[in-house]
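Chemist: Input: one structure, supplied below.
Only the coordinates and a few stated rules stand behind these numbers; no lab work does. Please read all numbers here as calculations on a predicted model, not as lab measurements.
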Amino acid sequence: NHQDTPLYEAKTLLAQTHEKTMRLATNFSDEELFARGYFNFTGNLNLAAYITGSTSSHYDWAIKKIRKHKRSLKTSL
């Protein structure tokens, strides 16, 4: 969806969604976050795994993609 989004705008959107996600996460108790299967939709996982998957793990993936793209720009010049 954001392949053509300017970098400054992408950074702003990232900061906004990260802040929103962190605010939402603070509304849950430790049991709700870390007990496996506490919520039906998480199956055998805990809610924290979903939060990690949509934040830090996703950020790590995106950083690797950005670095790879930057390297490809350097070699194509």
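Chemist: Taking only pairs that are 8 or more places apart or on different chains, how many Lys pairs in the stretch 7-76 have Cα atoms under 23 angstrom apart?
Modeler: Details: K11/K20; K11/K64; K11/K65; K11/K68; K11/K70; K11/K74; K64/K74; K65/K74.
Lysine pairs satisfying the spacing and distance rule in the stretch 7-76 number 8.
Chemist: Compute the whole-percent fraction of alpha carbon pairs in the chain spaced more than 15 Å apart. Kindly include the intermediate steps, with their values, before the conclusion.
Modeler: On the way: 1980 of 2926 pairs.
Value for the chain: 68 percent of Cα pairs lie more than 15 Å apart.
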